[in-house]
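The values are calculated or read from the model by the stated rules, or taken from the named source; none is laboratory data. Model, not experiment: these values are computed from the prediction. As a convention, Cβ positions derive from the backbone with ideal geometry for all residues, glycine included, and neighbour counts pool all protein chains shown.
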């Protein structure tokens with residue numbers, strides 16, 4: 001579904017990504033992690049076609065997004081749902097208008113039908129529509145805003161791919177648990193390919209069975225939890241070192257309901 005081939009990217013003269021290559025199969029869940037500033041979020045922007053690589057190819061459903069015109073790129077983006085770190089909701093629109101925004105702007109559906117679909121989607125992401133649909137984003141908790149953002153992405157295009165940029169950063173443990181369960185629910189029930197960018201190690205292990213570590217713009221590791229445990233690459237060791245104490249026992253963790261998909 002997604003393939004990066006020898007991708008290089010730089011902002012002006014500052015290199016960000018160096019020879020990055022990896023595949024994400026149809027219905028596969030992958031976590032990209034690494035230190036701040038390593039290029040994780042840039043990878044998501046490149047997949048969306050918001051930036052273009054200096055070298056290499058970025059294929060989404062076998063089409064190179066870096067070489068597409070506006071029309072074909074728009075069609076590719078319909079297959080992708082994006083959840084930004086802060087949710088990126090429209091502050092002046094209600095929850096219902098945020099979730100139904102794509103339908104409002106790009107269809108001729110009447111508001112009654114849009115509201116019906118928005119209510120159904122809010123229920124899917126675990127929110128009581130009657131309680132939140134008329135509220136503004138700043139009246140919601142951080143976890144609720146993230147769930148609204150996921151609902152908006154799903155209702156906009158019925159995506160085959162979901163991209164999440166730090167979906168649990170800044171959330172309390174209860175909200176984090178809810179977002180992780182929702183990400184896994186989407187993968188399990190809709191077979192959506194997903195890429196989760198995070199530096200939250202425990203969260204990473206709860207949403208995927210395959211992990212890519214980006215270190216200073218390079219792929220330092222790509223493999224399973226077991227392979228990560230055995231990895232002795234100095235770059236991976238350097239990234240994981242601050243988390244070793246909190247990771248005690250995580251490698252042997254038994255995943256239960258809502259846990260990382262195969």
### Query
Restricting the range 201-226 to residues that are free of Cβ contacts under 8 Å to residues at least 40 places away in the same chain and either in contact with a strand residue (DSSP E or B) (Cβ under 8 Å, 6 or more places away or on another chain) or within 19 Å of residue 165 (Cα to Cα) (or both), which is surrounded by the most Cβ atoms within 10 Å (Cβ to Cβ)?
203
### Message
Looking only at the range 212-257, how many residues end up being at pLDDT below 80 and assigned to a loop (DSSP other than H, G, I, E, B)?
### Response
11
### Message
With the structure loaded, tell me whether residue 47 is in contact with a strand residue (DSSP E or B) (Cβ under 8 Å, 6 or more places away or on another chain), farther than 20 Å from residue 175 by Cβ and modelled with pLDDT of 90 or more or whether it fails that test.
### Response
yes
### Task
Please determine, by comparing only the residues of the range 164-199 that are on the phi < 0 side of the Ramachandran plot and part of a loop (DSSP other than H, G, I, E, B), which one is surrounded by the fewest Cβ atoms within 10 Å (Cβ to Cβ).
172
